[in-house]
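The values are calculated or read from the model by the stated rules, or taken from the named source; none is laboratory data. Values in this document were obtained by computation on a predicted structure and should not be read as measured data. When we count neighbours, we look across all protein chains shown, and the Cβ atoms used for this are built from the backbone with ideal geometry, even at glycine.
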Amino acid sequence: MIPRYSRIKTVSIILFVAMAASFCASKNFLVVNYQLPGEPQLLAEPSVSLVIKDSRKDPAMVTRTAKTVLKDFHGNFALIVDRENENSRLVGAFSLQSLIRQLFKHRLENAGVRVAPEEESREMVVEIILETFKLDLVERKWVIDMTYQANLLKQDRFIAGETITGSAERLRVAGSKEAEKVVGELITDVVNRLNLNALFKSDQI
């Protein structure tokens with residue numbers, strides 16, 4: 001019979017080896033932390049349809065250089081949403097297009113706008129057109145660029161729009177942690193930079 005102390009020591013060693021292997025291994029997804037903003041003024045809008053369009057000229061999300069580190073990354077993301085004074089919440093795993101939908105759904109609902117289910121249509125439509133999303137590794141730095149166009153449509157008529165562009169970089173350490181951080185930082189910046197108040201007020205002019 002193995003002594004109790006030896007069993008605990010053996011289990012600890014196994015756990016340590018498993019954790020070390022997970023940190024060194026290349027994952028097939030990236031964890032994205034999105035921080036919701038404190039909205040200055042809640043919008044009193046009825047529910048809207050949220051439409052996501054992928055208009056990227058290059059469908060690859062990572063460059064060849066970045067792929068040398070993210071060997072097993074297949075384009076999926078685990079989304080964690082952070083809200084002020086609340087615990088972080090794991091929303092789920094998503095493709096890029098589904099991730100963009102979830103990000104803007106949370107942003108809109110955080111501002112007081114209900115987003116209708118995808119199968120239901122509404123008179124008012126928020127359209128997000130993704131134009132650029134690229135993660136690169138340049139001279140030991142993770143660099144990401146993202147551009148999108150946000151449009152407000154009413155009965156298929158263009159009301160207003162805004163183009164948001166952003167980039168961020170972080171020094172690469174071992175593994176993919178810094179890549180995940182830089183993606184989360186940029187996504188938080190560009191999604192929260194969209195001026196929802198100005199967008200919806202355009203319908204009242």
Read through the list (1) in contact (Cβ under 8 Å) with a residue 60 or more places away in the chain; (2) outside any strand (DSSP E or B); (3) surrounded by 15 or more Cβ atoms within 10 Å (Cβ to Cβ); (4) not hydroxyl-bearing (Ser, Thr, Tyr), then give the number of the only condition that Gly112 fails.
(3)
Looking at segment 76-101, which of its residues are at pLDDT 95 or above, surrounded by fewer than 19 Cβ atoms within 10 Å (Cβ to Cβ) and not in a strand (DSSP E or B)?
Ser95, Leu96, Gln97, Ser98, Arg101
Subset of segment 38-53 that is modelled with pLDDT of 75 or more, over 22 Å from the mean Cα position of the chain (by Cα) and surrounded by 14 or more Cβ atoms within 10 Å (Cβ to Cβ) - its residue that is farthest from Pro117 (Cα to Cα)
Leu43
Count of residues meeting criterion [surrounded by fewer than 17 Cβ atoms within 10 Å (Cβ to Cβ) and among the hydroxyl-bearing types (Ser, Thr, Tyr)] in segment 131-171:
4
